[in-house]
Amino acid sequence: MNLAERLSEYSQSIDYADLGEDVIVEAKKRIIDSLGCAIGAFRESPVRIARKVAEANHSGGASTILGTESRTSPDVATFVNGLMVRYFDYNDTYLSKEPAHPSDNISACLAVGEREGSSGKDLLAAVVLAYEVQCRLCDAADIRHRGWDHVCYGLVSSALAAGKMMGLPRQKLAHAVNISLNAHIAMRQVRAGELSEWKGASFANAARNAVFSTMLAAQGMTGPSPIFEGEMGFFKQVSGPFELDTASFGGRGNRFKLGETYIKYFPAEYHAQSAIWAALQARSKIGSVDEISSVEVETHEAGYTILSKDKEKWAPSTKESADHSLPYMVGMTLLQGKIDNSTYSSKNIGDPRVLSFLKKIKVREDSALTEMYPRHIANRVTLRLKDGRTLTEQVDDPKGHPNNPMTREEVEAKFRRLTARFLKEAEAHEITDFVWNLEKRRVATLGELCVVR
């Protein structure tokens, strides 16, 4: 069997009964986290644009646009809801040879599950499957240094998760992957230079295309095969050759990857999370930021190349560039003692005091920190003070890392913070309670609870 067929065979082997209680709890945490991110972004500009297009041109259907009573086709709902989950750059992360945000798959699972009348158990199994496939692909090959975006792997994971919820046989599942992966490869330019609003939409679009491809495969359409190994396939054109042993994937006594993913404590690109914690610790030991003469941030290769090397990271002009700027995030942490969604307001981004402070910051790669990566996502922050003192703080495992996980209560608190503008306390509790008891629920009911009134 070729790789698409083996992945399809593996997808059919995943069953809720085999997940294990620890994996189920962690999956529920990530669904709550994703819903909080989505509802919190309800009124943001790109979300309003996507919702306007969906409601004007794609009304009707069985899948809810989160925050509304509007329904549309599952592929369009996947796009709008996925953009909502991703917009704040606050949803979870996985870091390996290739970085990823595996909860980006959840919008596809929700939209298809609603149309299919799926159970909560079906949803949980599909979410765990999507995480497993995407993370395993990220372990297999780095594609960002070849100029391709990590969302290319989501074309595979979302297609398989959607197809599983549709109950497709193995051959149709394989063709869903074939169609999705051949037709929708995304370029890494979306994360280079000055970042645009499409940064938050890139995976949402991949998941939308994956769902649409799966709907076509369900009706019998075939796709180019073998999509990975072929003469003009993914190995030759995108990733280079790699091996993927599906027998080692989660289940059948093997650990699932979902538990190895990271929930974000701060709304910031994950490579910066430990730098924010280190900056907070250093700031707590001084009386005023006016005491600081210079700041050095020592980071790993990914922290430098993704968050620091582009000139736009040193004077960001968009929210998307600011939440991917290591100097900006460290600078704002030192100046304000916090990082939240207000950190990336146009007022803060354009503040002359902020831009002046950024000139005090230097970022360099430390090979020792790169060597630790991705077992630890470590950053070191050093403050040099005007009185001659030096303060250094290093954090290896930020809150939300598998070595320092967020508790159920901390995930709920994050959900309440994100949704406080849009939901009453009782409404927020009803949503989290629904997800904690998801195995007893139907997917279709969830959208009804998430309406912003």
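Worth a mention:
- Cα-based equivalent ellipsoid of the stretch 163-293: semi-axis lengths in Å, sorted from largest, via gyration tensor: 41, 20, 15
- Value of Rg/Rh across the stretch 1-154 [Cα atoms, Kirkwood radius]: 0.97
- Part-to-part distance (alpha-carbon centres) for the stretch 191-263 and the stretch 158-190, which is given in Å: 7
- Rounded FRET efficiency, nearest 0.05, which uses the C-beta distance separating Glu229 from Lys97 and R0 of 25 Å: 0.80
- Rg over Rh [alpha-carbon atoms, Kirkwood Rh] for the stretch 270-395: 0.94
- Charges were assigned to the Cβ only: +1 to each Lys and Arg, -1 to each Asp and Glu. The resulting dipole of the stretch 1-152 about its Cα centre is roughly 600 debye.
- Degrees, to the nearest 10: 273-283 long Cα axis against longest axis of the chain: 20
- Nearest-ten-degree value, helix 202-218 long axis tilted from longest Cα axis of the chain: 10
- The gain in end-to-end length when the Lys311 to Phe242 segment is fully stretched comes to 21.5 nm, 0.36 nm per residue minus the alpha carbon separation.
- Net lengthening on full extension, Arg442/Thr392 (0.36 nm per residue, minus Cα-Cα): 12.9 nm
- Projected-area mean, the stretch 354-453, by convex hull of Cα positions, square nanometres: 11.1
- Bridges between two residues of the stretch 270-395, per DSSP, are antiparallel at a rate of about 70%.
- Computed over the stretch 49-130, the quotient of the alpha carbon radius of gyration and 2.2 N^0.38 Å is 1.13.
- Of Gly350, Ser325, Trp277, farthest towards positive along the dipole that unit charges on Lys, Arg, Asp, Glu beta carbons give the stretch 270-395: Gly350
- Note on the stretch 270-395: with charges restricted to the Cβ of Lys and Arg (+1) and Asp and Glu (-1), its dipole about the Cα centre is near 320 debye.
- Placing dummy labels 7 Å off each Cα toward the beta-carbon, the span from Ile286 to Gln171 is 6.7 nm.
- Over the residues of the chain, the helix contribution to mean residue ellipticity at 222 nm works out to -14500 deg cm²/dmol, using -39500 (n - 2.57) for each DSSP H run of at least 4.
- Excluding exposed DSSP-loop GluC sites (Glu not before Pro) (at most 14 other C-beta within 10 Å), longest clean stretch of the chain: 244-453
- Unit charges at the beta carbon, dipole of the stretch 1-125: most positive-side option, Ile31, Ile14, Asn81: Asn81
- Hull volume in cubic angstrom per residue (convex hull over the Cα atoms of the chain): 130
- Note on the chain: with charges restricted to the Cβ of Lys and Arg (+1) and Asp and Glu (-1), its dipole about the Cα centre is near 1000 debye.
- When the listed pairs Lys311/Lys362; Lys360/Lys399; Lys338/Lys386 are checked against a 18 Å cut-off, the alpha-carbon distance exceeds it for Lys360/Lys399; Lys338/Lys386.
- Two-site FRET efficiency, Gln219 against Arg453, from Cβ-Cβ distance with R₀ of 25 Å, rounded to 0.05: 0.10
Since every read-out is calculated from the coordinates, none of them should be taken as a lab result. Here the structure is a predicted model, which means the values were calculated and not measured. Reconstructed Cβ throughout: ideal geometry from the backbone, glycine too, with neighbour counts over all protein chains shown.
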